[in-house]
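*Asks:* Just dropping this structure here.
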Amino acid sequence: MQKPLVMIVDDEAPFVETMTKRLEKRDLRILSALSGEEALEKLGKNQNTDVVILDVKMPGMDGVETRKRIKRDFPLIEVIMLTGHGTIESAIEGMKLGAFDYLLKPCEIEDLQAKILQAVEKRREHEERIKQAKVRDALIRHGAS
């Protein structure tokens, strides 16, 4: 099975660089973006992305708006919101709107890795159910059931 592909989206470049190094050591493939707009552009070219780690507070398009657009344009990609203590309400709102989960910054790398793996599993289960439904539909259309 291919290593999970994870995108980190945060406007703080040093944070993104540090998290990229730490997660790559844990056998994950990492893409990064420094804004919501950049994230959406890169997701368009990397639709096999499993999980997006998304900061809530960013200039321009914030994390809540970015999450809405990700879910609209790439519904199978799971989103984990990252938030500072002052924006917990935004993270909870994100959960109500379809985020997989949220973590407080700074977070333990083991906690983040566990959430990523859970989100990857959920995405792969959704993909498998979609494949099975397509097979059933094809069998029914061709008279075999």
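The values are calculated or read from the model by the stated rules, or taken from the named source; none is laboratory data. If you're wondering where the values come from, they're calculated on a predicted model, not measured in any experiment. Cβ placement follows ideal geometry from the backbone for every residue including glycine, while neighbour counts extend to all protein chains displayed.
*Asks:* Among the residues that make up the stretch 19-30, is at least one of them of a type in the set (Ser, Thr, Tyr), surrounded by 17 or more Cβ atoms within 10 Å (Cβ to Cβ) and out of contact with any His (no Cβ under 6 Å at 6 or more places or on another chain)? Can you show your working first?
*Replies:* The initial filter retains those residues of the stretch 19-30 that are of a type in the set (Ser, Thr, Tyr), namely 20.
From the residues that got through so far, the ones that are surrounded by 17 or more Cβ atoms within 10 Å (Cβ to Cβ) too are none.
There is no residue in the stretch 19-30 that is of a type in the set (Ser, Thr, Tyr), surrounded by 17 or more Cβ atoms within 10 Å (Cβ to Cβ) and out of contact with any His (no Cβ under 6 Å at 6 or more places or on another chain).
*Asks:* Considering only the stretch 11-27, how many residues are within 27 Å of Lys96 (Cβ to Cβ) and not in a helix (DSSP H, G or I)?
*Replies:* Here the count works out to 2.
*Asks:* Of these, Asp50, Asp73, which one is under 21 Å from Glu125 (Cα atoms) and exposed (fewer than 14 other Cβ atoms within 10 Å of the Cβ)?
*Replies:* Asp73
*Asks:* Given the criterion at pLDDT below 95, on the phi > 0 side of the Ramachandran plot and either assigned to a helix (DSSP H, G or I) or of a type outside the set (A, V, I, L, M) (or both), identify the matching residue among Gly98, Gly94, Gly86.
*Replies:* Gly98
*Asks:* Let me ask something else about it. Report whether or not Glu65 is free of Cβ contacts under 8 Å to residues at least 60 places away in the same chain, surrounded by fewer than 17 Cβ atoms within 10 Å (Cβ to Cβ) and farther than 25 Å from Glu127 by Cβ.
*Replies:* yes
*Asks:* Being part of a strand (DSSP E or B) and either within 29 Å of Ile130 (Cβ to Cβ) or free of Cβ contacts under 8 Å to residues at least 60 places away in the same chain (or both) is true for just one of Leu54, Leu43, Leu76. Which residue is that? Walk me through it before giving the result.
*Replies:* Details: Leu43 fails: part of a strand (DSSP E or B); Leu76 fails: part of a strand (DSSP E or B).
None of the other options fit; the residue is Leu54.
*Asks:* Here's something else I'd like to know. If you check every pair at least six apart or on different chains, which have Cβ atoms under 7 Å apart with a residue in the stretch 20-39 that is in contact (Cβ under 8 Å) with a residue 60 or more places away in the chain first and a residue that is of a type in the set (A, V, I, L, M) second?
*Replies:* Note: pairs meeting the criteria are Arg22/Ile109; Leu23/Val6; Leu23/Ile30; Leu28/Val6; Leu28/Ile116.
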